[in-house]
């Protein structure tokens, strides 16, 4: 029996660690290519400039356009691809994933620097590629994880709270999807889950319930507390290692179909949070689990209905079409430990949409 656990080479988490970015980059080269959304580049520009000056490393700004598309990755490689010893991705998931793709294509080490805790992309060797209309086209498995993940809790504490909440939604799915994958004996990355990865997935759930509300308060005050630090680690590290080394199932399997249905303005973790409710309905999960989920969603502000995702008008026929898309051959939703059909998924979506009205406070 083969089990596989994937992880970055180094994870560094704490207040002010972005100041050390130049030192980590210097371990690979004197010149690094930096991909960052312009807003993030401005937000942490003084820190980046100071770190570069102290370390003697040159950061060349690749002027990332904001969307992780194959075109954008190819453009940056054409314009900036030579003469760098490492690639730095700084910002949200799209900047990080684009940097991961470029580093993978050029066989260079990648440093992942999240400035928000909205999803679990920073640690993984997976890149989600979109088209120009913000629709997911591909999940690309890369050859390696980031060499270093640098998580500055001070920087993340100053980001809008919606990002932190979305990250909690993404992390909340980790345990339930891991549980489904273990029950289904899913082979992820060539092997079954390790106990370490599955227990990290479970720790996601436990930490969210324990510290989620307190972390949100700290985020609103733009201050770092132990609770916020724990949730940042949960959203980025525990969820990242847990999902990648165990697997995902229905909650992530509904991401693209729900975007097409009208959730394209919702954040990744917001859609996945609703997808987790659908997963629980598909499993016929205990009432207590569903109530716990809805209570947590209410406390931190996660969407529990289709309208909460921006899907305000729909028919059963439209839901069925989305379910058919989710059930295409080899789709993630087939990682559930039972047969999944478009009809069963459609029924679960419609029922999940009513859970809040039945069980909500």
* To do: Check whether at least one residue in region 59-70 is surrounded by fewer than 20 Cβ atoms within 10 Å (Cβ to Cβ), in contact (Cβ under 8 Å) with a residue 60 or more places away in the chain and in contact with a helix residue (DSSP H, G or I) (Cβ under 7 Å, 6 or more places away or on another chain), and report yes or no.
  => yes
* Asked: Considering only residues of region 71-92 that are surrounded by 24 or more Cβ atoms within 10 Å (Cβ to Cβ) and in contact with a helix residue (DSSP H, G or I) (Cβ under 7 Å, 6 or more places away or on another chain), which is nearest to residue 161 (Cα to Cα)?
  -> 91
* Here are some residues: 199, 185, 222. Which one is part of a loop (DSSP other than H, G, I, E, B), outside the structural domain of residue 114 (by TED's automatic domain parsing) and out of contact with any helix residue (DSSP H, G or I) (no Cβ under 8 Å at 6 or more places or on another chain)? -> 185
* Asked: Could you say whether any residue in region 148-160 is outside the structural domain of residue 261 (by TED's automatic domain parsing), assigned to a helix (DSSP H, G or I), under 19 Å from residue 37 (Cβ atoms) and in contact with a strand residue (DSSP E or B) (Cβ under 6 Å, 6 or more places away or on another chain)?
  -> no
* Asked: With respect to residue 252, is the statement that it is surrounded by 21 or more Cβ atoms within 10 Å (Cβ to Cβ), touching a helix residue (DSSP H, G or I) at 6+ places or on another chain (Cβ under 7 Å) and at pLDDT below 95 true?
  -> no
* Structure fact -> Checked region 1-55 for anything assigned to a loop (DSSP other than H, G, I, E, B), modelled with pLDDT under 95 and farther than 25 Å from residue 126 by Cα; matches are 30, 44
* Asked: Is there a residue being crowded, with 24+ Cβ neighbours inside 10 Å and within 19 Å of residue 280 (Cα to Cα) anywhere in region 195-204?
  -> yes
* Asked: For region 194-218, what are the residues that are without any contact (Cβ under 8 Å) to a residue 12 or more places away in the chain and within 19 Å of residue 162 (Cβ to Cβ)?
  -> 217
* When region 312-333 is examined, which residues are found to be surrounded by fewer than 19 Cβ atoms within 10 Å (Cβ to Cβ), under 20 Å from residue 180 (Cβ atoms) and free of Cβ contacts under 8 Å to residues at least 24 places away in the same chain? -> 328, 329, 330
* To do: Would you please name the residue that is nearest to residue 161 (Cα to Cα), looking only at residues in region 278-295 that are free of Cβ contacts under 8 Å to residues at least 12 places away in the same chain and in a helix (DSSP H, G or I)?
  => 289
* Structure fact -> Per the filter on region 296-322, residues under 19 Å from residue 276 (Cα atoms) and assigned to a helix (DSSP H, G or I) are 296, 297, 298, 299, 300, 307, 308, 309, 319, 320, 322
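The values are calculated or read from the model by the stated rules, or taken from the named source; none is laboratory data. All figures in this text were calculated on a predicted structure; none of them were measured in a lab. When we count neighbours, we look across all protein chains shown, and the Cβ atoms used for this are built from the backbone with ideal geometry, even at glycine.
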